[in-house]
Amino acid sequence: MKVVAAYLLAKLGGNENPSVGDLKKILESVGAEIDQVKIDLFFSLIKDHELTELIAVGREKMAALSSGGPAVAVAAGGGGAAAPAAEPAAAEKKKEEEKEESEDDGGMMSLFD
C-alpha cells in the first residue's frame with residue numbers, strides 16, 4: 001500500500017511518469033521501509049495501463065465489496081458459500097443490538113449512545 005500511496009503522491013505532485021527512484025525518494029522522506037520486490041511488482045502490474053483506468057477498476061471492486069449482498073460472495077470468488085456463513089453473524093449482531101436497546105438507562109442518554 002505504501003508503494004501505491006507513493007506513486008499517487010508523485011502523480012499528484014505533477015510527475016506524469018513516476019519512476020522507481022521517485023518512489024524510493026518519497027518513501028525515504030517519510031522513513032518508510034523500501035521493499036524493492038514490491039516496487040518492481042507494482043510497476044510490472046501498472047505497465048501499459050492509465051491511472052484513471054486502474055482507479056475505475058478499483059472503485060468497481062470496492063463497490064462490490066461494500067454492497068453486502070450476493071456481490072460480496074461473487075467478488076470474493078466464493079460463489080454462494082459466503083452468504084450463508086455471514087447470516088449467523090448478522091443475526092447475532094442484531095440480537096446484541098436489540099439487547100443493548102432494551103437496557104433501561106432511566107431515560108438518560110450517555111455520551112457514547
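Taken together, the values in this text are just the output of simple stated rules run on the coordinates, not laboratory data. Everything numeric in this text was worked out from a predicted model, so none of it was measured.
Once a ≥ b ≥ c are taken as the square roots of the eigenvalues of the Cα gyration tensor of the range 2-48, is the result rounded (a/c under 1.5), prolate (a/b larger than b/c) or oblate (a/b not larger than b/c)?
In terms of gyration-tensor shape, oblate.
What are the ³J(HN,Hα) values, in whole Hz, obtained from phi via the Karplus relation 6.51 cos²θ - 1.76 cosθ + 1.60 with θ = phi - 60°, for each residue of the range 20-27 in sequence order, with x given for Gly and Pro?
Per-residue couplings from phi come out as 4, x, 4, 5, 4, 4, 5, 5 Hz.
What length, rounded to one decimal in nm, is gained on full extension from residue 36 through to residue 65, with 0.36 nm per residue of separation minus their alpha-carbon distance?
7.5 nm
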